[in-house]
């Protein structure tokens, strides 16, 4: 039997703040920014500074699952690849991305709500 690491515990730690940020997002750019910020926090907990994570390492993909793309630089890293292949991290990222995409699409469908929040 293959041993699989689980990072659901870390997901549960960051999820309340992530949801709160998404609810306060006023634009689609906010959604992207909050998604990346949350992943940065998650990766710091998981990799304990073994990997440098930058804004360009993961993108939201709007049309198809798994609603994110990972930079090949990260996938080439042995530290990242071993965790990625032997854990539930892909599932955790997919759940976070689904939440972000849901909020993104809602803001996209209702731009009047976004523009009404912009203060002069």
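The values are calculated or read from the model by the stated rules, or taken from the named source; none is laboratory data. Quick caveat: nothing in here was measured; it's all calculated off a predicted structure. Virtual Cβ from ideal backbone geometry, glycine too; neighbours counted across all protein chains shown.
Odds and ends about this structure:
- Test: residue 38 is farther than 21 Å from residue 8 by Cα, touching a helix residue (DSSP H, G or I) at 6+ places or on another chain (Cβ under 7 Å) and crowded, with 16+ Cβ neighbours inside 10 Å: no
- For the stretch 52-67, the count of residues that are farther than 22 Å from residue 8 by Cα, assigned to a helix (DSSP H, G or I) and free of Cβ contacts under 8 Å to residues at least 12 places away in the same chain is zero.
- Residue, modelled with the lowest pLDDT, within the stretch 63-74, restricted to residues that are surrounded by 12 or more Cβ atoms within 10 Å (Cβ to Cβ) and out of contact with any strand residue (DSSP E or B) (no Cβ under 9 Å at 6 or more places or on another chain): 66
- The sole residue among 81, 21 that is in contact with a helix residue (DSSP H, G or I) (Cβ under 9 Å, 6 or more places away or on another chain), at pLDDT below 95 and part of a helix (DSSP H, G or I) is 81.
- For the stretch 42-51, a residue qualifies if it is surrounded by 15 or more Cβ atoms within 10 Å (Cβ to Cβ) and outside any loop (DSSP other than H, G, I, E, B), and the qualifying residues are 42, 43, 46, 47.
- Among the conditions (1) modelled with pLDDT of 90 or more; (2) touching a helix residue (DSSP H, G or I) at 6+ places or on another chain (Cβ under 9 Å), residue 50 misses just one, which is (1).
- Conditions (1) in contact (Cβ under 8 Å) with a residue 12 or more places away in the chain; (2) out of contact with any helix residue (DSSP H, G or I) (no Cβ under 7 Å at 6 or more places or on another chain); (3) surrounded by 16 or more Cβ atoms within 10 Å (Cβ to Cβ): number failed by residue 100: (2)
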